[in-house]
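Everything on this sheet refers to the single structure shown next.
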Amino acid sequence: MTNFSYSFPSIQGVQAGSRYFVSMCPLRLIPKIFLFDEDELLPELRAQRTLNRSRVPEIARYVLENRGNYVFSAITASINGKVNFVALDGVGEIAELGILSVDMNAQFIINDGQHRRAAIEQALREDPALGDETIAVVFFVDQGLSRSQQMFADLNRHAVRPAKSLGLLYDHRNETAKIGKLTALTCPSLKGLVEFERTSLSERSRKLFTLSSLSSATQELLAGAEFKNIDAAVEQAGAFWTALFERIPEWQLVRSSKMTSGEIRKDFVHSHGVLLQGFGKVGSAIRLNSKGAPNFKILDKLGSLDFQRSNVRDWEGRVMIGGRMSKASNSVVLASSLIKSHLGIEPTPDEKKAEVAFSSARSPSRKGPK
């Protein structure tokens, strides 16, 4: 050890027969002592992925906009240099609490948390007061490049992002998430038919829609609208989905347990997320074309539109590719275009453009809506 060192109050632990240390670091120290591998190094000579700089401003903004309740998980770092752990009670290294001294010539290399580190640095430039707050750091003593690479692989091996629906369910900051969630919970027609945890539905699921698809569709429905409060937005969304529900007999059969949702999704396009978003665009057009409260009587015409997947003339190439449902954003536009044309609603310029491209790609015997 040199005469100068960093000192971290730490808890000592053991994993796989090797010591590691858990400490708290002031945020102001994070950019100063923790290093990245150089971006110019070849992947086989680095111990982590290159920094995705487009992610950094978003994370920094999250911290700055939620100063009272942001949360960061621990940073994991390897120490390449000399360390010494001194137990507080003086009984030797078997004690768990003590001071971890790290030679100032040592390098701290982040194994997990490089984007948090970069975001902290950016946030500190805008709000230096953040420097007094802390983040947990897990220190491992460096055992060479191969070990650091293996640590990166192991730390990310079992990292699984939560399903989008579950993320929306637990998100109390996002207004869109709130509206979608409250609509699913309060709209009588939708109660019990929305999957809150998973992003996709199994064949045996008794749910018709996922929260993520309903939220996306509701966002389309209320696009550009201004409401005095969130309750008014939820009421407007619920009114449309109820009106639509009343005009799709198959949805009602699922509610009454006379058909399973799996059977509906297998035979009809209207129970898939791409159509739900298309319906949202249709509802938005009805709302914008109404001088007062939206009149959903126009939806009565849906009864003459064949939503069966066997109706390839209308749906193949539009929302289905080779008989399989498409999730492409262009399919949402094409779905809303067809439904609007069937209802006698003027499509948007983007929908008209997509329809022209779709029609030109089809054979002359297959024409899109007029």
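Please go through the stretch 98-137 and pick out each residue that is under 20 Å from LEU51 (Cβ atoms), among the acidic types (Asp, Glu) and buried (at least 16 other Cβ atoms within 10 Å of the Cβ).
Result: ASP112, GLU121.
Filter the stretch 212-226 down to the residues that are at pLDDT 90 or above, in contact with a Ser or Thr (Cβ under 8 Å, 6 or more places away or on another chain) and not polar (S, T, N, Q) and list them by number.
The answer is LEU214, GLU220, LEU221, LEU222.
Restricting the first residue to the stretch 286-304 and requiring it to be surrounded by 12 or more Cβ atoms within 10 Å (Cβ to Cβ) and modelled with pLDDT under 85, which pairs with a second residue that is of a type outside the set (Phe, Trp, Tyr) and not in a loop (DSSP other than H, G, I, E, B) meet a Cβ separation below 7 Å and a spacing of at least six or different chains?
These pairs meet every condition: PRO294/ILE286; PRO294/ARG287.
Here is a yes/no grid of residues against (1) in the same structural domain as GLU263 (by TED's automatic domain parsing); (2) part of a loop (DSSP other than H, G, I, E, B); (3) out of contact with any Gly (no Cβ under 6 Å at 6 or more places or on another chain); (4) farther than 26 Å from ASP267 by Cβ:
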position	(1), (2), (3), (4)
GLY303	yes, no, yes, no
LEU334	yes, no, yes, no
SER337	yes, no, yes, no
GLU346	yes, yes, yes, yes
ASP350	yes, no, yes, yes
LYS353	yes, no, yes, yes
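Matching residues to (1) free of Cβ contacts under 8 Å to residues at least 40 places away in the same chain; (2) in a helix (DSSP H, G or I); (3) in the same structural domain as VAL333 (by TED's automatic domain parsing); (4) surrounded by 24 or more Cβ atoms within 10 Å (Cβ to Cβ):
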residue: LYS191; (1), (2), (3), (4): yes, no, yes, no
residue: GLU197; (1), (2), (3), (4): yes, no, yes, no
residue: SER202; (1), (2), (3), (4): no, no, yes, no
residue: SER213; (1), (2), (3), (4): no, yes, yes, yes
residue: GLN219; (1), (2), (3), (4): no, yes, yes, no
residue: GLU226; (1), (2), (3), (4): yes, no, yes, no
residue: ALA233; (1), (2), (3), (4): no, yes, yes, no
residue: GLN236; (1), (2), (3), (4): no, yes, yes, no
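State whether one or more residues within the stretch 32-53 are modelled with pLDDT of 85 or more and of a type in the set (A, V, I, L, M, F, W, C).
yes
If you go through the stretch 196-221, how many residues are touching a Leu at 6+ places or on another chain (Cβ under 6 Å) and acidic (Asp, Glu)?
Of the residues in that region, 1 qualify.
Out of everything in the stretch 51-72 that is touching a residue at least 60 places away in the same chain (Cβ under 8 Å) and within 30 Å of SER18 (Cα to Cα), what residue ends up being surrounded by the fewest Cβ atoms within 10 Å (Cβ to Cβ)?
Among those residues, the one meeting the criterion is LEU51.
The values are calculated or read from the model by the stated rules, or taken from the named source; none is laboratory data. Bear in mind the structure is a predicted one, so any value in this text is a computation, not a measurement. All Cβ positions, glycine included, derive from the backbone under ideal geometry; neighbour counts span all protein chains shown.
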